[in-house]
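Read the structure below first, then the notes.
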Amino acid sequence: MTRKTVEYQISRTPELGLDFRPTQGLMAPADLPVADFESENMLINIGPQHPATHGVLRLVLELDGETVVSCVPHIGYLHSSFEKLGEYRDWNQVVPLTDRMDYLAPLIYNCAYVMAVEKMMGVEVTERCKVVRVICMELDRIFSHLLWLGTWAIDVGAFTPFLYAFQEREKVYKLHESFTGARITTSATRVGGMMSDIPEGWEHGVRDFADGVMKTLDEIEYLLHTNGIHLGRTQGVGVISAEEAINCGLSGPNLRASGVPYDVRKDRPYYDYETYDFEVPIGEHGDCFDRYLVRFEEMRQSVRILHQAVDRLPDGPINVDDPRVALPSKTDTMNDMAAMIHHFKLVMEGVKAPVGESYFPVEGSKGELGMYVVSDGGSKPVRWRIRPPSFVNLSAIPQLVTGGLLADVIMVNASLDIVLGEIDR
Amino acid sequence: MTEEKTEDGPGLKGEIALPEEEDVLAPVVPGGLDQAHPSVPALRERFPDAFLRHEVTGGDEHVVFVAPDRTFEILQWLKEDADHFYNFLSDVTAVDYGGGRPLQLVYQLYSIPHRRALRLKAELPLSELEADSVVPLWQAANWLEREVWDMFGIRFRNHPDPRRILMPEHYAEGHPLRKDFPLRGRFSRAEQTRRALSQEVEDYYVPSELGPGREPQLVRWRELSGAPKATAKPDVDPTPEDGGGS
């Protein structure tokens, strides 16, 4: 065995500060045997059953010491073949499949799907419906970000924000329940409108929630923003530049954290988003901490939109008056033969869409959520495709974690805000 | 055609003003609509032989059909030319209309600086399901193309990692989103269960999947630790792509 002189360095952290500069030369140089082993990388497997992968994600990591040399993600454990199932259902029956993909923001998926179908059919929904859908989408953006915030805090080692965030989420669950009857699988939209009008006083509940969540966000900010452990574990971790982020197809908060001001609500506005007064937060460094800041600020901007939307909520019908998609009233159905036949055909055969296709992107909670629907003139889709934001965001994870430490993989994964139901579909 | 859209332009909705009398739902559109989207006449001029046709769907969405063997070249030009600069690849997917008709390979492009979207399609005959991979242009295409291969069976030339992504690696029933694929799969329920149970779990922890030329280290550990040597996989079709019992 060869021998080699090694000079030790001992790092010491001053008790209270967070100064990680090592103090040197505490031990004399030692004469130690050097093992002439062949260096060998270690493989470790995280998941698919692991709490920090936020679902059934499996990561195979090759490690050199603690440094990640390569990372291979494996997905598909939750594959439910939603796109294939959709081809066997009529246009309205697809709606329940959409909220089962991203169960953290079900209403955004409900809305995005019917918006694509309506665009393809040339159906213009009513003003009230537009505002209700904006409220639904912004509510669920906060809903989804709150879950991300809670689990993010747990990953960083802080438990309290999780409880605070879930207390607020419970209020959104209650709002979901009073509107749709379900807490998670809302299925609230129909082609041409919503399943029903919002219940009496629901908008006041939304406003109460919006007020309450601002206070909670302030409390969580007080706990996390200047927390030394939080800063140390997230700043400068998982950095991606603006060009790389665009090239990797990142979207939503992950892209904006790298400094690219691309927000579908601003760049390709739908439902009069250009008339709402809100800002798009932009990060600077493209690291985990910036992704955290961007999402945090987005919740406050969504609260602003919620207040404006509740203020402008117009009266009037929620469903469009278009015989192609709207059921005739119950009175007409029972008294008029033509209306009864129409009702029967709409229920039994489903809405018929003309030949055509449409790709409709909305700003989902995870990024650009695109719904691509293709019709051949029948009552079932030829193709229903979801552009899954989490799927594309997750595909950048090998690039983000390679060269970093094993412990940082957990933070990078948490900062991407993935939901496996939508990745595997 | 060369008019530059500024950053504070009205966005996609305002840019493409269709004439009122036009039936927006009809997919066939006369060439006069070219002016509504600056990239369409530019493509027609630049690639006269590869430009097949132009459609407008959904009111304001422009679709350009191109020759399947020229997609890479056209996408590269669309990405790199300063007047077009489609730097964001939203989506890569495919559409199967069934009945032996060609598969459509669909690229959803978006230009963040110009705020402009374009859909590019290539029709691939069923006998020749191959296209050039665009991973050299956009890293985002990596998993999206793997999904198209997995679900539709379209091969991508020069793809860095051409494995299945959502279905298991040993899946032998074909490509699920094709119209000739039955909803519950090609094999019987009993056969599907038998195959699932006969797979050795440790197979999935063999890290040869980390890339070509890598040492399968976990297998060596098994040998060192005295564990029984991994035997050949029982009853698993080594060529998962050939559709099984079609």
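The values are calculated or read from the model by the stated rules, or taken from the named source; none is laboratory data. From a predicted model like this one, the values you see are computed outputs, not experimental measurements. Glycine also receives a Cβ, built like all others from the backbone with ideal geometry; neighbour counts cover every protein chain displayed.
Among the strands (runs of 3 or more DSSP E) confined to the range A:318-424, the ones with at least 1 residues that are free of Cβ contacts under 8 Å to residues at least 60 places away in the same chain are located at A:368-375, A:383-387. The residues listed here are A:Glu87, A:Glu66; of these, the one that is farther than 30 Å from A:Ser187 by Cα, at pLDDT 85 or above and not β-branched (Val, Ile, Thr) is A:Glu66. Would you please name the residue that is farthest from A:Pro389 (Cα to Cα), looking only at residues in the range B:69-102 that are touching a strand residue (DSSP E or B) at 6+ places or on another chain (Cβ under 6 Å) and among the hydroxyl-bearing types (Ser, Thr, Tyr)? Here the answer is B:Thr71. Confirm whether A:Val260 is aliphatic (A, V, I, L, M), farther than 25 Å from A:Ala116 by Cα, in contact (Cβ under 8 Å) with a residue 40 or more places away in the chain and touching a helix residue (DSSP H, G or I) at 6+ places or on another chain (Cβ under 6 Å). For A:Val260, the condition - aliphatic (A, V, I, L, M), farther than 25 Å from A:Ala116 by Cα, in contact (Cβ under 8 Å) with a residue 40 or more places away in the chain and touching a helix residue (DSSP H, G or I) at 6+ places or on another chain (Cβ under 6 Å) - is not met. All conditions in (1) under 18 Å from A:Ser144 (Cα atoms); (2) without any contact (Cβ under 8 Å) to a residue 40 or more places away in the chain; (3) crowded, with 23+ Cβ neighbours inside 10 Å hold for A:Val280, with the sole exception of (3). In the range A:290-299 there is no residue that is surrounded by 17 or more Cβ atoms within 10 Å (Cβ to Cβ) and either within 14 Å of chain B (Cβ to nearest Cβ) or of a type in the set (Gly, Ala, Ser) (or both). Only one entry of A:Arg141, A:Arg128 meets the criterion of being basic (Lys, Arg) and in contact with a helix residue (DSSP H, G or I) (Cβ under 7 Å, 6 or more places away or on another chain), and that entry is A:Arg141. Of all residues in the range A:376-410, those being hydroxyl-bearing (Ser, Thr, Tyr), in contact with a helix residue (DSSP H, G or I) (Cβ under 9 Å, 6 or more places away or on another chain) and more than 10 Å from chain B (Cβ to nearest Cβ) number 1. Among the residues of the range B:105-160, those that are out of contact with any strand residue (DSSP E or B) (no Cβ under 9 Å at 6 or more places or on another chain) and among the charged types (D, E, K, R) comprise B:Arg115, B:Glu128, B:Asp150. In the range B:113-122, the qualifying residues are those that are within 14 Å of chain A (Cβ to nearest Cβ) and either outside any loop (DSSP other than H, G, I, E, B) or at pLDDT 90 or above (or both), and the one that is farthest from B:Glu145 (Cα to Cα) is B:Arg116.
Residues that are at pLDDT 90 or above and away from chain A (no Cβ under 11 Å) occur in the range B:137-151; there is at least one.
In this structure, is A:Leu85 among the aliphatic types (A, V, I, L, M), out of contact with any Gly (no Cβ under 9 Å at 6 or more places or on another chain) and farther than 23 Å from A:Ala153 by Cα?
Considered against the rule, which asks whether it is among the aliphatic types (A, V, I, L, M), out of contact with any Gly (no Cβ under 9 Å at 6 or more places or on another chain) and farther than 23 Å from A:Ala153 by Cα, A:Leu85 comes out as yes.
Got a number for residues in the range A:362-375 being more than 10 Å from chain B (Cβ to nearest Cβ) and in contact with a Lys or Arg (Cβ under 6 Å, 6 or more places away or on another chain)? Qualifying residue count, the range A:362-375: 2. Against the list (1) free of Cβ contacts under 8 Å to residues at least 24 places away in the same chain; (2) under 19 Å from A:Tyr372 (Cβ atoms); (3) facing chain B (nearest Cβ under 9 Å), the condition A:Ser81 fails is (1). Here is the figure for the range A:117-166: residues that are of a type in the set (Ser, Thr, Tyr) and not in a helix (DSSP H, G or I) total 1. The residues listed here are A:Gly249, A:Gly238, A:Gly228; of these, the one that is touching a Leu at 6+ places or on another chain (Cβ under 8 Å), surrounded by 19 or more Cβ atoms within 10 Å (Cβ to Cβ) and away from chain B (no Cβ under 14 Å) is A:Gly238. I'd like the residue in the range B:123-132 that is in contact (Cβ under 8 Å) with a residue 40 or more places away in the chain and not charged (D, E, K, R) and, out of all such residues, is farthest from the other protein chains (Cβ to nearest Cβ). Residue satisfying both the conditions and the ranking: B:Ala131. Look at the range B:65-102 and say how many of its residues are surrounded by 15 or more Cβ atoms within 10 Å (Cβ to Cβ), aliphatic (A, V, I, L, M) and either within 14 Å of chain A (Cβ to nearest Cβ) or free of Cβ contacts under 8 Å to residues at least 12 places away in the same chain (or both). Residues in the range B:65-102 being surrounded by 15 or more Cβ atoms within 10 Å (Cβ to Cβ), aliphatic (A, V, I, L, M) and either within 14 Å of chain A (Cβ to nearest Cβ) or free of Cβ contacts under 8 Å to residues at least 12 places away in the same chain (or both): 5 in total.
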